[in-house]
Amino acid sequence: MDYKKEAGKQYVKYFFVWFIIIGILAVTAAVVVGMNVILSKRSRSNTDAPDERVYDYAGILSEDQKEALRTQIARTEQRVHLDIVLVTLNQPMEGDGPMRQNDAVSPSLEDVMEAYADNFWDDSGYGYNKSFEGDGLILVDNVYEDQGYWQISTSGEAERQLSSGDINRLLDVIEKNYDSSPFRAYSEFVDAVSVKFDSRNPAPIPYGMILLIPIVSALIYAFVNSRQKKAEDTTTAGTYVPGGRPVMNSVRDDFTHKTVTQRHIQTSSGGGGHSGGGGGHHHSRSGASHGGGGRRH
């Protein structure tokens with residue numbers, strides 16, 4: 001007998017489960033490390049857009065407030081990987097947009113605000129990852145007399161991820177805080193965007209966790225395995241049977257008759273599911289795809 005070969009077989013057999021566990025953990029660790037590297041390299045790649053994010057043409061923000069918003073937006077962009085732009089206006093807007101099919105009808109305030117937000121985004125070249133249909137969104141707030149209007153335009157990943165319901169919730173946040181302070185409304189809007197997209201861009205897993213998971217798993221396996229081994233050594237089929245000899249009772253089922261019951265099961269006639277992102281999907285004059293929506297003050 002080849003004792004070395006036999007010993008090798010027994011070694012592999014004894015530690016087979018350990019080899020599987022270690023292999024799975026190694027692959028998992030490699031995947032996590034790779035994901036962390038990818039996440040850490042998702043820096044802003046669009047260099048064509050301007051650095052400015054707050055355009056207060058209406059003059060409703062103080063310098064300190066504008067600087068606070070710029071800082072908040074910069075931090076948020078690094079986490080959610082979107083460009084976020086704020087624009088305030090104080091000017092008449094009707095008649096300054098694309099005409100409808102019937103040229104005798106002037107475009108509505110909603111049409112004009114949508115066109116303005118889309119064109120501002122496209123013409124400026126915004127987008128976290130690229131300047132055309134890049135990832136991000138813009139909020140335009142017009143405060144002109146009876147034409148007060150908030151318009152959100154989304155692009156790229158923001159368009160794909162934000163549904164009509166999401167857009168309405170963002171507008172709810174603005175409306176809820178606007179009377180107390182436009183600055184607060186804009187700040188809460190940026191926070192709401194952050195909350196929405198932070199859940200879709202998880203933070204990198206700490207490398208300490210990568211080491212801790214296999215260690216804890218190994219300890220648990222060792223503990224359970226030792227308990228099972230101990231049980232195998234001390235327990236037999238007759239351990240808890242009087243006299244140490246188990247008695248096997250004969251059990252038999254006799255078939256006598258068969259009864260068949262028919263029952264109608266009601267099924268749904270319609271298909272389920274949920275709506276996807278891209279609330280207010282449309283195209284701007286440049287042909288870029290946008291989503292979003294608006295609301296009067």
Does the range 194-210 contain at least one residue that is modelled with pLDDT of 95 or more, in a helix (DSSP H, G or I) and over 24 Å from Leu69 (Cα atoms)? no
Checked the range 128-159 for anything in contact with a Ser or Thr (Cβ under 7 Å, 6 or more places away or on another chain) and part of a helix (DSSP H, G or I); matches are Glu159
Note on the range 110-132: residues in contact (Cβ under 8 Å) with a residue 40 or more places away in the chain, within 20 Å of Gly280 (Cβ to Cβ) and surrounded by 20 or more Cβ atoms within 10 Å (Cβ to Cβ) are Met113, Glu114, Ala115, Ala117, Asp118, Trp121, Asp122, Tyr126, Gly127
In the range 144-175, which residues are over 25 Å from the mean Cα position of the chain (by Cα), surrounded by fewer than 18 Cβ atoms within 10 Å (Cβ to Cβ) and not small (Gly, Ala, Ser)? Tyr144, Glu145, Asp146
For Ala117: the one exception among (1) small (Gly, Ala, Ser); (2) within 24 Å of Arg44 (Cβ to Cβ); (3) in contact with a Phe, Trp or Tyr (Cβ under 8 Å, 6 or more places away or on another chain): (3)
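The values are calculated or read from the model by the stated rules, or taken from the named source; none is laboratory data. Every value quoted in this text rests on a predicted model; they were computed, and no experiment measured them. We place every Cβ from the backbone using ideal geometry, glycine too, and count neighbours over all the protein chains shown.
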